[in-house]
Amino acid sequence: MQTPETVIFADTIHSLDGEKQYTAIGITAGVVTHLGSRSEAAEWSGPDTKVIDHGTATITPGLVDAHIHPIFGQSVARGVFLGDAKDLDDARRIFARHAESQPADAPVLGYGLNVAVFGEAEPHGGLLDEAAPGRASYVTCFDAHSALASQPMLAAAGITGAETFDDASSIVVDSEGRPTGFIREFSAMALVEEALPPLTIEGKVDGLERLLRGMAASGLTGGEMLDLADPDSLEILRRLEERTELPIKLRVAPWIMASDAPEQLRHLIELQGQHGRRWQVRGVKLMIDGTVDNGTAWLYEPDSEGESTESLYLEPQRYVDNLRTLAEAGITTTTHAIGDQGIGFVIKAISELPGNGVLHRIEHLEEMNDEDFTALKSSGATVSMQPTHCTHFVRADGSDAWSRRLGGHRASFAFRLRDVQDAGMVLALGSDWPIAPYDPRLILADAQTRRRTEVPGSDSAQPRHKLSAREALEGYTVNVHASTGAVGGRIVLGAPADLTVFAEDPLSLAPEQLCTVDVLGTYLDGQPVNAGDPLLTA
Ligand SMILES: [Zn+2]
């Protein structure tokens, strides 16, 4: 029998291959070649075998976040974080303090603002004009689908309020046609962002390295990057790989926007298969609608503000055409669908595709009625959901913007993780960073508690949608791979040795303890990832 190059021991090794458990893994050339007990490992090992003993630790298959924006997120998450602002005064105070710390001629930036701070009023840029008078200020909202701009910022970007877009993006104007400083959806945001000082490529490479090291330190071995919104994205990945190994593996699925011309779709098809050592382009992301909080989801009935009535596609049939073109090219897709009508439309489009074995996933599924759920089960689609979007942004008492806009009946169909799980569908989990924090321990915990686990006494919106610890872990491992037709996420012979090492067993810890359990390290293809790089603390 062949001798493994490396043997890793731990008292608990969850293979997720049925109930099989081990205490020793043998690895050769990055692949799992031996599985068994400590005593069996003594028989495989030779004089040159490197032995790493993690003692009482627990090893699981490497965790993979099914939905992140690690490069685009850096241009969203600029300046001061406003996501913890409790109300409008609080947001104004935080932003004013940040403005004072910035050079007088520099724009003042922020991100993560929850539009709920505006209560029932429509968000507006006046908040920034009051907090930093006379300054060019720009803040992205927490769902990254909208932004606020101060009047000097609008002037610097040449915004008049008369702009129109090839999708449902808009510069919101008042009754006299003047821009209010509320900017909806990506095409409109991009127009304003042109006036911001650009981030340099080297700066973005540094930022990406720091971010991915943080992700590795939290236990991630992989992530699915669902955009190429930053046109430098692939160049940034190449430059980082010239410098070092990526701390996590990335599957890149560029997005096609509602306003994109047909050439762009052909371009994304041509990009398929491009790769580095630890990243590859595989798949395409589409978006049928925006977000509920922003009034840009696609609902069957308008929300309480009379909004969220249409797709981002001015002609939704173009979405169907794009999806079909991709499916026929053998490309796995994933579609952002949040509002009930958007979800129903996407389910129908997927179920009418020719069955050629290519999988099509739906992201978010925030609010889904029973009829569409029945259609979903037989559609062949797989599912990707973000438990913390519910636990961070939806309140049990319905006082948040999401619940208020939808109203009680529709809000009761929120984030139906339990239903999707019970239907036997493939359910992948993730963060959608920078929309919510990426730490998988918090997300695995919230999936089990259906509340913000790290906040004592936080309430639980529809607790019946809790997952078990095992189901949540499968959502971060086996099911992420399975959701696009890939194989992975189990510790089995022949699999790449991508592993996460926890100080204690995530399947038996109480969720409250899971939030803070130590991650002792990760392995990619059998190589330990050095999360203790000085960059992490820089
Ligand atoms: Zn996203």
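If neighbour count is taken as other Cβ atoms inside 10 Å, put Arg78, Arg97 in order from fewest to most.
Working: Arg78 18, Arg97 12.
Taking fewest neighbouring Cβ atoms as first place, the list is Arg97, Arg78.
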* Structure fact -> Final fewest-first order of Ser75, Ser460 on the 10 Å Cβ neighbour count is Ser460, Ser75
* Would you be so kind as to identify all helices of the chain, as entire DSSP H runs, whose Cα atoms reach 30 Å or more along the helix's own axis and whose mean Kyte-Doolittle hydropathy is at least -1.0? => none
* Placed amide H near Ala497: partners under 5 Å, 5+ positions off or other chain -> Val31, Val32, Asp525, Gly526
* To do: List, in the order given, every pair from Lys50/Lys249; Lys86/Lys285; Lys249/Lys348; Lys249/Lys285; Lys20/Lys466 whose Cα-Cα distance in the structure shown is over 27 Å.
  => Lys86/Lys285; Lys249/Lys348
* For Tyr300, Tyr111, order by how many other beta-carbon atoms lie within 10 Å, fewest first -> Tyr300, Tyr111
* **Under Karplus coefficients 6.51, -1.76 and 1.60, residue-wise ³J(HN,Hα) of the range 103-120 in Hz, glycine/proline x** => x, 4, 9, 8, x, 9, 10, x, 7, x, 5, 7, 5, 4, 5, 7, x, 7
* Report, ordered by chain and residue number, the aspartates and glutamates lying within cross-link reach of Lys377, taken as a straight Cα distance under 20 Å and ignoring same-chain residues fewer than 8 apart. => Asp340, Glu352, Glu363, Glu366, Glu367, Asp419, Asp422, Glu471, Glu474
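Restricting everything to alpha-carbon atoms, can you work out Rg to Rh for the chain with a Kirkwood hydrodynamic radius?
Details: Rg = 23.3 Å, Rh = 24.0 Å.
My calculation of the ratio gives 0.97.
Antiparallel DSSP bridges in the chain: what percent, to the nearest 5? Before the final figure, lay out the partial values.
Values: 35 of 76 bridges.
Counting only bridges with both partners in the chain, antiparallel ones make up about 45 percent.
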* **Gained length - Asp87 relative to Glu202, 0.36 nm times residue gap less alpha-carbon distance** => 37.8 nm
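Nearest-5 percent of antiparallel DSSP beta bridges in the range 76-161? All intermediate terms of the calculation are to be shown ahead of the outcome.
On the way: 3 of 9 bridges.
The answer is about 35 percent antiparallel.
Here, each number is a calculation from the coordinates, and none is a lab measurement. Given the structure is predicted, the values throughout are model-derived calculations rather than measurements. Cβ: placed from backbone, ideal geometry, glycine included. Neighbour counts: every protein chain shown.
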